[in-house]
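Encoded as C-alpha cells, the structure appears first; notes follow it.
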Amino acid sequence: VQLQASGGGLVQTGGSVGLSCVVSGRTFGSYAVAWFRQAPGKERDFVAVISRDGGNTLYADSVKGRFTISRDNARNTVYLQMNSLKPEDTAVYYCAARVGYYYYTNMNEYDSWGQGTLVTVSS
C-alpha cells in the first residue's frame with residue numbers, strides 16, 4: 001500500500017490547517033491509520049490514530065481537544081484537522097497504516113508510511 005500526505009504549510013499561532021492522507025489500494029477499510037510528527041532534532045512522536053472502521057480514535061495528550069482525526073473510506077482518505085495551533089506543533093507530519101482491527105501509538109507497529117508534509121506554526 002502507498003500513502004500520500006498533503007496539506008501542510010505555514011500558519012500563525014492559533015490558526016488551523018487540515019492534512020490529508022490518501023491510501024492507495026482497494027483494501028483501505030482494512031487499515032488503521034495514524035499520524036505521527038517529527039520536529040527538527042527530535043524523535044518521531046505519535047499524534048492520533050483512527051481504527052479501520054472509523055469508530056475509534058486516540059490522541060496524544062498534547063493535541064487532545066485541538067486535533068481531530070477522521071476518515072472517508074469511500075475516498076481512501078484520512079484527515080487530520082488541526083486547530084488552535086501552537087509553535088510547538090511545528091513538525092513534519094507523517095501518516096502511517098497497518099492492517100488489522102487493533103491500533104497502536106508505537107510507530108514500530110506501522111509498516112506503511114507516507115512521505116511527510118511540513119507544518120510550520122509561526123509565533
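The values are calculated or read from the model by the stated rules, or taken from the named source; none is laboratory data. Worth saying up front: this structure is predicted, and the values here are computed from it rather than measured. Using ideal geometry, Cβ is built from the backbone for each residue, glycine included, and neighbour counts are taken over all protein chains shown. When the accessible area is computed, the model is the full protein with side chains, heavy atoms only, and any ligands, DNA or RNA have been set aside. Shrake-Rupley method; radii C 1.70, N 1.55, O 1.52, S 1.80 Å.
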(message) Just the number please: accessible area per residue for the chain, 1.4 Å probe, all protein chains included, in Å².
(response) 52
(message) I'd like the Karplus ³J(HN,Hα) series for segment 68-74: coefficients 6.51, -1.76, 1.60, θ = phi - 60°, whole numbers in Hz, and an x wherever there's a Gly or Pro.
(response) 9, 9, 8, 8, 10, 5, 6
(request) May I ask you to give the percent of accessible area on segment 3-112 that is carbon plus sulfur, with a probe radius of 1.4 Å? (result) 45
(request) Work out, step by step, the length gained on full extension between residue 86 and residue 26: first 0.36 nm times the residue separation, then minus their alpha carbon distance; give nm to one decimal. (result) 18.0 nm
(request) Rank 96, 39, 74 by mean-square fluctuation in a GNM of the chain with C-alpha springs under 10 angstrom and give only the top-ranked residue. (result) 74
(request) Tell me the label-point distance for the pair residue 106, residue 60, using the 7 Å Cα-to-Cβ offset, in nm and rounded to one decimal. (result) 1.8
(request) Using only the C-alpha atoms of segment 4-65, find the volume of their convex hull and express it per residue in Å³. (result) 116
(message) Over the chain, what is the relative contact order in percent, taking alpha-carbon pairs closer than 8 angstrom and at least six residues apart?
(response) 37
(message) Only four residue types carry charge here, +1 at the Cβ of Lys and Arg and -1 at the Cβ of Asp and Glu. Report the dipole size of the chain about the Cα centre in Debye, rounded to the nearest 20.
(response) 180
(request) Once every Cα of segment 39-123 carries one equal point scatterer and solvent is ignored, give the base-10 log of I(q)/I(0) from the Debye formula at q = 0.10, 0.18, 0.24, 0.26 Å⁻¹, two decimals. (result) -0.25, -0.82, -1.46, -1.65
(request) Report the Stokes-Einstein translational diffusion coefficient (µm² s⁻¹, integer) for segment 72-113, Rh taken as the Kirkwood radius over Cα pairs, at 10 °C with viscosity 1.306 mPa s. (result) 125
